[in-house]
Structures are given as C-alpha cells and as structure tokens.
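Visitor: Please read through the structure below; I'll follow up with questions.
Computed from the coordinates by the stated procedures, all read-outs in this text should not be read as laboratory data. Since the model is a prediction, treat every value here as computed from it, not as a measurement. Here the Cβ positions follow ideal geometry from the backbone for every residue, glycine too, while neighbour counts run over all protein chains shown.
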Ligand code: ADP
Ligand code: ZN
C-alpha cells in the first residue's frame, strides 16, 4: 500500500496558493518543505522538472530571516530572482553581472532585512567577510542548488563549491539544504560529507521523467531524420546535439534553408555570437538550437519540446543530462537519439588520442581513465542498440527498481513500449545466421566484416580472407548492410555477442550467444524502423501542441494566441517568456477558458500578483481575442 504523503502546515499551503497559484504539491515536495520549516539539514534529490525550487522558495516565505541560495550559474539565479519578483516576493541576486550601484542597492536591502531570498554564486559567498555580513543580517538558512557541483564524481565539478564546506563547519548552527537531480550514491555521499550535513533529512525521488518519450533510431540520413522530428513539433522549442562543430554548422545551415528557425551554438563561435544565439533561443526568436554539448548548462527554457542527439552521446549519465533539458515544465516532450556503431569508434579515437596527449608521468592514471570512459561508452551503445524499455533501462542504471518490470504495455512513453519498433519475423533464424557467421569468421572479425559476409558482398577483402567461400556467405542476401549492423548491435546489447576492446574491435559469442545459436534460447530482434510515420500519428493523437494528456483538451488555436501574447509581454518587460506563465499554465487557460478574474485566479500557476497584473490582458485575449 502506498504511504499517504505528509501534509504541510496550512499557513504554508495558503502561501503557496497565493504566491505561486498551486493548490497541490508534487511527490516529496512536502517532505522537503517540512524539513526546511523545521530548520533541519536536508539532502533532496529530485529529477529535473520535479519542482525543487518551490521546496526552498515556499518555506522561505514563512521562516524568519533570510534564505540564501547558492547557484552555479547567473542565468539560473536571474530566472529565479525575476520569477519570484514577478510573483511579488522580495528576492534578489548578487552577481558579477551586475554593476556596482546595483550591487550596492542589493546589499542595502540585505542589511535592512528587506529580502526573503537571496541568490549568490559560490565565489561571492566566499568573498572575504561576506558570509559574516549575511549572518549579521539574519541569514537563517543556506540552500545549495545543483549541489552535485561539489562532487568530483558529478559531471560539473566546481572547486569553489568545495570551500562552502569550510564555511558550514564554522557555523554548524546554520541549517543547510542541498538540492540536486543527480542521484548516484557516490555523489550523494560526497555532498553530505563535504557540507557536514547533520542528522539530515534525506529525500530521494525517482529519477524517471515520465513526461519524456524516448525514441532511438539507427542513423541513416541525418538531415531528414532530424527534420522529421522538427516537423512533428512546429514552432516549438528544440535542441539538436551534434558531436563536432562542423556538423553543427552544416546542419544548422541546412535546417535554416529548409525554413526552420534554427541557429548554431558551439565553443568555436565568438562569445558575443554565442550569447546572441542563446538569447534568441531564450527569447523565443528562434525555435531550434543546433549545438555541441557546450550548449545547455544554464539554459532554463523550460518549454523545450524535443531534444535530438544526432550521434551517440559519451555515456548514459551525459545522455540523461542532455536529453533531460526537454520538458522541464512537466509537459510531454520527445527525446530522439540517432546513433550508429561508427559513433562508438569516433568517440573511441578521440578519447584514445586525448589520453595519449596527456603528461607521460600520468600515463597509468590516464590509461585507467580511458578504460573507464570506454566502458561508459560501450554501455551507452548497449543502451542505444538494445530494445529494452528506455525508461526502465535508465531507472535501473541509476539504481532504481523499475516497478513496471515486464508488465505490458510498459511505460507508454518509449519506442519499445509504444510498439513502434518493427519486430523481425524469424528473429530466431536471423540471430542464428549472424551468430554462426561470427563463429565461421573464427571470432576474429568486426561487425562490418561479418555484415559483408552475410549480405554476400563480393569484395577484395572478403576474397583475400577466403570468406567468400564460407557457408554463411550470402545467408542474409537481400538485406542492407545497415539492417544487418542493426541486428548485430542488438545482439551486442542483449549480450549474446561481445566486443573485444582492442584497436580493431572483434566480435565473439558469449555463453548465452552459444545457446541462441543452438536454438536453446529465445531471442527477439527488431528491424529498422519505418521512420517517423507511426511516431507522427502517436504524437499528434496525444498532443496537438506538445500538450500532455491532462491538458489535451486545450484549444490549439487559442494556445498559440496566448503564446504570442506571452511573447509580446515578455518583450515589453524584458524577461524570458516562460517567466510570464509556463506552457502548462497557458495550456490550462486554453482548455478552461476562464471568463472572470475569479476563474482566472483558479488556474494552476496564477498567484495573486499575476492575477492582478496579467488577468485583464489575458482575459481579453481569451474572450475577445479571436478576430481582432
Ligand atoms: P527542478 O528545479 O526540480 O528542475 P523546477 O523547480 O524548475 O524543477 O519546477 C519545474 C516546473 O514545475 C516549474 O514550472 C514549476 O513552477 C512547476 N511546479 C513546481 N511545483 C509545482 C506544483 N506543486 N504544482 C504545479 N507546478 C509545479
Ligand atoms: Zn518503455
């Protein structure tokens, strides 16, 4: 039986309703908020989009004194401070991006105890005397956002984060709450130890992101595959990740030529250009950013409706981080990965070169690190090529027990569970042919060679090896090399085939592979997907405009008009559009069509301040907007 979730004090519930316009809490938010109200240390691990900010923002409204939030990025701080100010909460940030008079004004407000929340960078917190200044001004709680930055094991280690621990040690009476979306146990332990958390309340949610739909496809024609995804999301925000800068440039150009509002982003562009493109995306002047993984940290546009990986990411953690930038507002979003075994070798070459170019004195460490990177990479390929529920695979990778295990129809939000992959007829025979061909090739050749033998290729290389004479030569004649490779990838993912780690990776059979070959073990394989058709049908059925089922009743035309209005207001106020209202709120407005200020106030995400400021203009648009 499920445990009832704990309640929060009525005064807090009322403050949340009035300020943020929410009448219910998401899972585990109550636990985190109660810990904050009780002044306890806490470590809160909740997936992206699960609503961490509210957990520390809301209690700060009630508690005496100032809540100081440490955050690694100015853009994140600015969004939160602006968002709170928009909801009528006295909040500010103090960063290097402000000029001296602005900073002075904020410090005055701190000294006068006029603020409830203050956002600062770790560098600022560590400045001589500043912490003391905060203590004197009534700081009553310290929140560490993106707390995984404190850990070497995390993906964005920040040395300044480490030094926060020392401040904490000299003020054990100050409650500290750490928030992160990164759930690995090593990172969690690091955070608790470095911050000297005492008798901490530990709140850990599922890392699963139920609103994301995952689709993995072997890469054929990158451009048309990417375009197919973009066409499923007209005028919606998306990110396309490429491996190399030159891929970014050419794809961005091709997409623009096809009429997509797209811009490139990578570390090779001048800083001003990068900033300009990032701003255009945040301000909704472009829909799509084509980028290397340099893009994303600090992009708090919460209405990203799709993320495409045009090649295999470096590891599962990275994949989850990068794809996780989709759907932060909790509405449905799509994550598509295009992969090929060639990406594995591309990465491997890069990593190997990187390791060789390092300091020779460090050779032993570099070689150990290289092995670890390669292991992560091959895990990633296994994930991509396999036909296991994507949600389940990710959850289990992060150490969770997947409740849906083996129960059809599964998660309902990945290509596997949605039945979009075409099962291969005679999978058993196909697998047997492939496995026996690997054996005939004496388990000394790689996937490309084995695929050539199977499709009956007539090449110099095969003749030289005498492999045109093998009994398995041409056993899969009539199938494209791409398709045979796809099956081989799946057999690797299912661990029936293994790959050696040497310079020329070769295939060999595992114990289970031998059993499959002998027909003693069942096997399921999938053929190359017929691209985009089924995906399109399902996406449009579920959501005309990226709306999740709960708001699918929304009038798509009205939703678009409200988006346009939001864009206009955002420009006037010089804030990002989602700070006006997020998509979920717009969708609910479009679905419920409030007619009076009182009805408007009932919409999720409408607090007192916004009801007063924005009610009239939105009500006008909803009730009289058509045809004007
Ligand atoms: P995180 O920091 O965990 O990634 P956010 O704090 O940015 O997530 O929250 C994601 C979205 O969910 C935001 O748009 C936020 O306003 C919304 N949200 C948070 N809590 C609630 C709630 N209790 N009810 C409705 N929406 C919520
Ligand atoms: Zn699934």
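Visitor: Rounded, prolate or oblate: which fits the stretch 10-204, taking a ≥ b ≥ c as square roots of the Cα gyration tensor eigenvalues, rounded meaning a/c under 1.5, else prolate when a/b beats b/c?
Guide: rounded
Visitor: Still on this structure, I have one more. Given the peptides 581-591, 510-520, 309-319, 558-568, arrange them by the average over their residues of other C-beta atoms within 10 Å, most packed first.
Guide: With the highest mean Cβ count within 10 Å placed first, the list reads 581-591, 309-319, 558-568, 510-520.
Visitor: Could you work out the percent of alpha carbon pairs in the stretch 421-506 separated by over 15 Å, rounded to a whole number?
Guide: Result: 55 percent of Cα pairs exceed 15 Å.
Visitor: Still on this model: Based on alpha-carbon centroids, what's the gap between the stretch 191-211 and the stretch 260-303 in Å, whole number please?
Guide: 31
Visitor: Angle between the Cα long axis of helix 271-282 and the longest principal axis of the chain, 0 to 90 degrees, nearest 10?
Guide: The answer is roughly 80 degrees.
Visitor: Taking the 0 to 90 degree range and rounding to the nearest ten, how far is the long axis of helix 159-170 tilted relative to the main principal axis of the chain, both from C-alpha atoms?
Guide: Rounded to the nearest ten degrees, it is 50.
Visitor: Here is a follow-up. Label the stretch 203-324 by shape, choosing from rounded, prolate and oblate, from the square roots a ≥ b ≥ c of the eigenvalues of the Cα gyration tensor; if a/c is under 1.5 it is rounded, and otherwise prolate applies when a/b is larger than b/c, oblate when it is not.
Guide: rounded
Visitor: Moving on to the next point. Would you report the distance distribution of C-alpha pairs in the stretch 553-623 as whole percents per 10 angstrom bin, up to the bin with the largest distance?
Guide: Using 10 Å bins, I get a P(r) of 21, 63, 16, 0 for the stretch 553-623.
Visitor: Share of antiparallel DSSP beta bridges in the chain, in percent to the nearest 5?
Guide: 10
Visitor: Right, here's the next one. Return the calculated 222 nm mean residue ellipticity for the chain, to the nearest 500 deg cm²/dmol, obtained by summing -39500 (n - 2.57) across DSSP H runs with n ≥ 4 and dividing by the residue count.
Guide: For the chain, the value works out to -14000 deg cm²/dmol.
Visitor: Just rank 74, 434, 289, fewest to most, by other beta-carbon atoms within 10 angstrom. Before the final figure, lay out each step's value.
Guide: On the way: 74 16, 434 29, 289 26.
In increasing order of surrounding Cβ atoms, one gets 74, 289, 434.
Visitor: Right, next: Counting other C-beta atoms within 10 Å, which of 124, 328 has the fewest, and how do the rest follow?
Guide: Placing the least packed residue first, the sequence is 124, 328.
Visitor: Roughly how many Å is it from the Cα centre of the stretch 315-344 to that of the stretch 443-512, as a whole number?
Guide: Here the answer is 29 Å between Cα centres.
Visitor: Taking the Cα atoms of the chain, report the difference between the largest and smallest coordinate on each principal axis, in whole Å and largest first.
Guide: Extents along the principal axes, in whole Å: 87, 67, 56.
Visitor: Can you compute the FRET efficiency between residue 617 and residue 246 using 1/(1 + (r/R0)^6), with r the Cβ-Cβ distance and R0 = 60 Å? Round to the nearest 0.05.
Guide: 0.85
Visitor: Ok, one more. In whole angstrom, note down how far apart the Cα centers of the stretch 82-113 and the stretch 353-382 are.
Guide: With the stretch 82-113 and the stretch 353-382 each reduced to a Cα centre, they are spaced 45 Å.
Visitor: Relative to the present Cα-Cα distance, how much length would full extension add between residue 444 and residue 397 at 0.36 nm per residue of separation?
Guide: 13.8 nm
Visitor: May I pose another question? So if each residue of separation counts as 0.36 nm, and I subtract the Cα-Cα distance between residue 18 and residue 425, what length gain in nm does that give? Mind dumping the intermediate values first?
Guide: Values: separation 407, 0.36 × 407 = 146.52 nm, distance 5.84 nm.
Taking residue 18 through residue 425 to full extension adds about 140.7 nm, to one decimal.
Visitor: Follow-up. Using only the alpha-carbon atoms, how far is helix 583-592 inclined from the longest principal axis of the chain? Give it as 0 to 90 degrees, nearest 10.
Guide: 80
Visitor: In what order do 487, 402, 347 fall by count of nearby beta-carbon atoms within 10 Å, going from fewest to most? Could you put the intermediate results ahead of the total?
Guide: On the way: 487 26, 402 18, 347 23.
Ordered from fewest to most neighbouring Cβ atoms within 10 Å, 487, 402, 347 come out as 402, 347, 487.
Visitor: Oh, and also: Work out, step by step, the length gained on full extension between residue 564 and residue 518: first 0.36 nm times the residue separation, then minus their alpha carbon distance; give nm to one decimal.
Guide: Gain on extension, residue 564 to residue 518, equals 10.3 nm.
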